[in-house]
1. Take the chain, compute every pairwise Cα distance, and split them into 5 Å bins from 0; I just need the percent in each bin.
2. Taking amide H atoms as placed 1.01 Å from N in the peptide plane, list the residues 5 or more away in sequence, or in a different chain, whose amide H sits under 5 Å from that of ILE7.
3. Could you identify which residue out of GLY82, GLY66, GLY12 has the top mean-square fluctuation in a GNM of the chain using Cα springs shorter than 10 Å?
4. Among all the aspartates and glutamates, which ones have a C-alpha under 13 Å from LYS8's C-alpha, if same-chain residues fewer than 8 places away are not counted?
5. Say a paramagnetic label sat at a point 7 Å from the Cα of GLN113, along Cα to Cβ; which residues of the range 5-22 have their backbone N under 13 Å from it?
6. How big is the dipole moment of the chain about its Cα centre under a simple scheme where the beta carbon of each Lys and Arg is +1, that of each Asp and Glu is -1, and everything else is neutral? Debye, nearest 20, please.
7. Which distance in nm do the two modelled labels at THR123 and ALA27 give, with both placed 7 Å along the Cα-to-Cβ direction?
8. Apply the Karplus parameterisation 6.51 cos²θ - 1.76 cosθ + 1.60, with θ equal to phi minus 60°, to every residue of the range 112-124 and state each ³J(HN,Hα) to the nearest whole Hz, in sequence, with x for glycine and proline.
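A short reminder: the numbers here are calculations on the coordinates, not readings from a lab. Quick caveat, the model's predicted, so the values are computed rather than measured. Neighbour counts are summed over all protein chains in view; Cβ atoms, including those assigned to glycine, are modelled from backbone coordinates with ideal geometry.
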Amino acid sequence: MQTGKAIKINIGEIELPAHLNETDTAARVAEILPITASVNLWGEEIYFSIPLETGLENARETVSLGDMAYWPQGNALCLFFGQTPVSTADEIKPLSAVNIIGGIDGDLEQLKQVRQGDKITITE
């Protein structure tokens, strides 16, 4: 069961419930909502720049399916819905360490329809 702040992710016709956890990085992301950006795809990872600069916080080199993370190296928010180009058979790996800030609570399969450049909006 998710804990933390409920948020929504909208990409075109797709609307997914999600949540932010109780980390400092997640709190800083919550302060800048709503966020609207253009989607970048890297394998089955959506990422996009956000107006936040912060360092590593309990950073992880591997993530779980549905994790939402902040990537300090790129000042970007990342949504993981499958394998990235550097993943192994049993692990989902970001390019470099990320701060897990929450998770997607909806149907991740929908994210496979998302295309490079689609507009994404994250709101409370």
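1. That works out to 2, 12, 24, 28, 22, 11, 2, 0, in percent per bin.
2. Hits under the 5 Å cutoff: ALA18, HIS19, LEU20.
3. GLY12
4. ASP105, ASP107, GLU124
5. 10-16
6. The calculation lands at about 240 debye.
7. 2.6
8. Computed from phi, the couplings for the range 112-124 are 5, 7, 5, 10, 3, x, 4, 7, 10, 10, 10, 10, 6 Hz.
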